[in-house]
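Below you'll find the structure, written out as structure tokens, and then a few comments.
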Amino acid sequence: MKGLVFRNLFFHKTGPINLEIKPGECIGISGHSGAGKSLFLRAAADMDMHSGLIYLNNVESKQISAHQWRKKIGLLPAESCWWFDTVGQHFKSLNSNDLLKSLGFDPDVMEWEISRLSSGEKQRLALLRLLANQPEALLLDEPTANLDTANILQAETIIKKYQADNNLPVIWVSHDKEQIKRISSRHFFMDKYKLSEL
Ligand SMILES: Nc1ncnc2c1ncn2[C@@H]1O[C@H](COP(=O)(O)OP(=O)(O)OP(=O)(O)O)[C@@H](O)[C@H]1O
């Protein structure tokens with residue numbers, strides 16, 4: 001099946017998760033702090049121990065290298081990682097000019113030191129870097145948590161456009177129930193090691 005499919009996924013103390021997210025579909029996940037939402041996304045990206053099967057567009061995660069899988073699956077963690085000194089070094093060879101403009105950045109942002117970025121700037125640039133890598137699915141861990149209202153709506157618009165243009169399956173973790181209503185077609189709740197549809 002096309003899309004993102006989990007069969008008997010177990011990770012940490014959670015499972016089994018059996019779930020199908022169709023191409024172009026976005027599901028929202030909320031839940032108490034510490035419920036395991038981030039661990040679910042990390043397991044889906046093959047970054048943590050898990051058992052069970054994960055398919056993206058009929059490719060099973062173990063059929064390809066972990067590196068190839070993580071490139072395809074597009075995880076945006078709650079806290080982004082920056083390992084070079086400047087923004088531009090993280091965007092080398094990525095065609096991101098249109099994306100930069102769409103989130104209100106001037107091209108000179110590429111010269112900026114990472115240490116001067118605000119948490120909201122880091123979050124928006126991490127989103128741009130993710131999309132510039134052209135993933136085939138999006139796993140978004142509170143992608144707008146550090147943004148003001150205008151930037152939240154702008155980021156939502158960009159993510160939804162990327163999702164629609166590329167017909168992608170998306171998992172969007174958020175504590176904001178109103179946001180989940182805006183961006184997803186199905187709402188799940190994670191609690192006590194279980195993922196349930198509301
Ligand atoms: N590597 C690990 N080993 C053992 N336990 C872990 C590990 N990483 C996270 N945990 C625990 O697993 C639980 C779920 O963590 P997780 O980060 O997935 O929560 P969350 O639902 O994303 O919470 P929040 O909404 O606060 O971000 C927490 O109790 C956390 O302490």
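What translational D, rounded to a whole number of µm²/s, comes out for the chain from Stokes-Einstein when the hydrodynamic radius is the Kirkwood one over Cα pairs, at 4 °C and 1.567 mPa s?
The Stokes-Einstein estimate is 75 µm²/s.
Summing Cβ point charges (Lys, Arg +1; Asp, Glu -1) relative to the Cα centre of the range 132-198 gives a dipole of roughly 220 debye. Net charge dipole, the range 4-190: roughly 580 debye, given to the nearest 20, about the Cα centre with Cβ charges of +1 for Lys and Arg and -1 for Asp and Glu.
Over the range 4-190, Cα pairs under 8 Å with separation of 6+ residues give a relative contact order of 33 percent. Scaling the Cα radius of gyration of the range 47-110 by the globular reference 2.2 N^0.38 Å produces a ratio of 1.47. The calculated P(r) of the range 4-113, using every Cα pair and 10 Å bins from 0, goes 12, 36, 29, 21, 3 in percent. For the chain, the longest principal axis of the alpha carbon atoms and the long axis of helix 149-166 meet at an angle near 70°. Maximal additional length on extending the VAL59-ARG186 stretch stands at 43.3 nm, based on 0.36 nm per residue less the C-alpha distance.
In this simple spin-label model, placing a label point 7 Å from the Cα along the Cα-to-Cβ direction at both ASP165 and LYS177 gives a separation of 3.4 nm. Put a dot 7 Å past the Cα of HIS32, heading toward its Cβ, do the same for LYS13, and the two dots end up 1.1 nm apart. Near GLN68: Cβ cut-off under 13 Å, other residues only, Lys/Arg at +1 and Asp/Glu at -1. The net charge is +1.
With only the Cα atoms considered, the range 74-176 has a convex hull volume of 94 Å³ per residue.
No value in this document is a laboratory result; all are computed from the given coordinates. The structure displayed is predicted, hence computed values, not measured ones. Methodologically, a virtual Cβ is constructed for each residue, glycine included, from the backbone with ideal geometry; neighbour enumeration extends over all protein chains shown.
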